[in-house]
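In what follows, a structure is listed as structure tokens, so that the remarks can point back to it.
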Amino acid sequence: SGWRLPFQIEGRVAQPADYAVAQHICVSSGYLEAIGATIAAGRAFTADDRIDTEPVVVVNQTFAARVFPGEDPVGRRIVSTARGIGPLGMNVRGRGPFRIVGVVTDIHQAPIGQASEGVIYHTLRQIFTIAKQEKITTAQAANRLAEERIAKISRVKQIYAGRSEFRGRLGEISPKAR
């Protein structure tokens, strides 16, 4: 989930009727690809989008249609008028401007029955607290997650090992399958 925060388009005078609030979501590398988002224009985030490079965002089609009707949003810049994005506070690279580098198909992230809303995706690679932490690759992060899940399975096996109704089934989850 994200935070519904105000924004402005660089160089555009804000009008009262403007759609000036969008959902801001911070995503990790590969998130857009993992959820099946299709690039409609521009590009997704890359490893070149780092804390020391120009701040960039990707927006969804609903955002593009509402904010840039009949225009290409790629290359335009957004200025955040919020003090921070949720618990990340001012850890996002200032208040922008953030260059729009891509538009993705809508991924319905609103409650069921609620229409899609405009979304601005920020990359975690450009969040100070994340960028300053130990630098790990996506593969290392996946390995850590797998290790945590294997540890949980091992604990469950230990809990149920003494129960007769589970004895036969627990052998099916073998350490070699890891």
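The values are calculated or read from the model by the stated rules, or taken from the named source; none is laboratory data. If you're wondering where the values come from, they're calculated on a predicted model, not measured in any experiment. Cβ sites come from the backbone with ideal geometry, for glycine too, and all protein chains shown count toward neighbours. All accessible areas refer to the heavy atoms of the entire protein, side chains included, with ligands and DNA or RNA removed. Shrake-Rupley method; radii C 1.70, N 1.55, O 1.52, S 1.80 Å.
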- Item | Potential extension, Val13-Ile112 segment - 0.36 nm per residue separation minus Cα distance | 32.2 nm
- Could you work out the local net charge near Ser116, counting Lys and Arg as +1, Asp and Glu as -1, over the other residues with Cβ closer than 11 Å to its Cβ? -1
- Task: Sticking with the crude label model, points 7 Å out along Cα→Cβ, report the distance from Ala41 to Ala151 in nm, one decimal please.
- Result: 4.6
- Item | Ranked order, Leu124, Leu32 - accessible area, probe 1.4 Å, largest first | Leu124, Leu32
- Once phi is turned into ³J(HN,Hα) by the Karplus curve 6.51 cos²θ - 1.76 cosθ + 1.60 with θ = phi - 60°, what whole-Hz value does each residue of region 29-42 show in order, with x for glycine and proline? 4, x, 4, 4, 5, 5, 8, x, 5, 9, 6, 8, 7, x
- Item | Sequence-distant residues sharing a close amide H with Val104 (under 5 Å, placed H) | Ala40, Val59, Asn60, Gln61
- Query: Ignoring ligands, DNA and RNA, how do Val57, Val13 rank by accessible area with a 1.4 Å probe, largest first?
  - Reply: Val13, Val57
- Could you tell me whether region 29-74 comes out rounded, prolate or oblate from its Cα gyration tensor? Rule is a ≥ b ≥ c as square roots of the eigenvalues, rounded for a/c under 1.5, then prolate if a/b exceeds b/c, otherwise oblate. oblate
- Task: Would you pull out the residues with amide H under 5 Å of Arg4's amide H, same chain only if 5 or more places away, H placed 1.01 Å from N?
- Result: His24
